[in-house]
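Readers should treat all values here as calculations from the given coordinates under stated rules, not as data from a laboratory. On a predicted model such as this, the values are computed, not experimentally measured, just so you know. Quick reminder, even Gly has a Cβ in these numbers, built from the backbone with ideal geometry, and neighbours come from all protein chains shown.
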Amino acid sequence: MLNCLDVTFEVANRLYENENILKTKKLLSLGWITSIAFILGTYILGSQLEDYSAISQTVSEIGEEGSPLYLQWQIFSTGIGCLLILFGIGIVSFAKKNELSVVPGIFILLAGLSQLGIGIFPSPHPLHNVFGLSLTLGYFSPLLFALLWKNQLGMKFKRLSLISFILIVLGIFLNLSPVFSPTLYPLEYYGIVQRFLLFTFYIYCTFISISLIYSSLILEEPEHNKK
């Protein structure tokens with residue numbers, strides 16, 4: 001009788017853990033989904049706006065106050081923020097289960113909160129720029145992944161994280177350069193410069209998403225085998 005109860009408890013425990021693992025993987029998959037949605041969404045919405053140039057204008061100008069796509073952009077932008085938050089929660093869950101630092105995941109989550117604020121307060125609302133600047137916290141996530149997770153997911157993961165961070169720092173520098181060096185590059189290309197920063201971050205989120213889903217198959221399997 002006791003053996004039957006032990007077996008039943010063990011099966012129930014495994015089913016519960018498998019369900020949690022499945023939920024975490026679903027949240028992690030939101031990384032690449034969010035990235036594709038953002039890149040395609042900005043292109044599609046921008047192409048529907050008359051006289052809009054992705055080369056010279058920022059993505060925020062698509063849905064600024066007075067724009068015919070104001071409501072559509074607000075829904076889109078807040079949706080991206082919500083997806084990023086959920087993705088960050090998935091990273092934190094993965095980190096806890098595998099005894100890794102949760103800090104990188106929290107920074108992704110903060111990026112989601114910043115994006116949510118950007119969507120709720122479209123340009124030129126004063127809080128739009130505040131949330132835009134706070135998005136910089138999320139841009140430090142590649143460095144945090146590289147430093148805090150070290151080689152636990154392999155040297156390739158660390159190298160690509162560092163390369164991504166270097167590209168993001170370059171993007172931040174070019175985005176801010178009009179303030180202290182307005183002649184560094186022609187400002188009619190500012191739209192491309194901003195997209196370089198944004199797309200680099202979101203492409204990195206895709207890399208994280210796929211890497212963690214793949215790694216979960218490796219890192220979690222031994223734990224199941226022990227049981």
Over 20 Å (Cα to Cα) - which of 26/158; 25/96; 25/97; 97/156; 23/150; 26/96 fall in this group: 26/158; 97/156; 23/150
Kindly rank 106-112, 184-190 from highest to lowest mean number of other beta carbons found within 10 Å of each residue. 106-112, 184-190
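So if we plug the beta-carbon distance of residue 156 and residue 51 into 1/(1 + (r/R0)^6) with R0 = 30 Å, what FRET efficiency do we get, rounded to 0.05?
0.10
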Considering only C-alpha atoms, what is the centroid distance from segment 115-190 to segment 40-102, in Å? 14
Taking the convex hull of the alpha-carbon atoms of segment 114-211 and averaging its shadow over every direction gives an area in square nanometres of 7.0
In the Gaussian network model of the chain, springs joining C-alpha atoms below 10 Å, which of 34, 42, 183 carries the largest mean-square fluctuation? 183
Out of 116, 100, 27, a Gaussian network model of the chain with alpha-carbon springs under 10 Å gives the largest mean-square fluctuation to 100
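How compact is the chain by the rule of thumb for globular proteins, expressed as Cα Rg over 2.2 N^0.38 Å?
Dividing the Cα radius of gyration by 2.2 N^0.38 Å gives 1.19.
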Compute the signed sum of charges (Lys and Arg +1, Asp and Glu -1) over the other residues within less than 15 Å, Cβ to Cβ, of residue 74. -3
Are there DSSP H segments in the chain that both extend 20 Å or more along their axis (alpha-carbon positions) and score a mean Kyte-Doolittle hydropathy of at least 1.0? List them, or say none. 70-97, 103-120, 155-180, 190-219
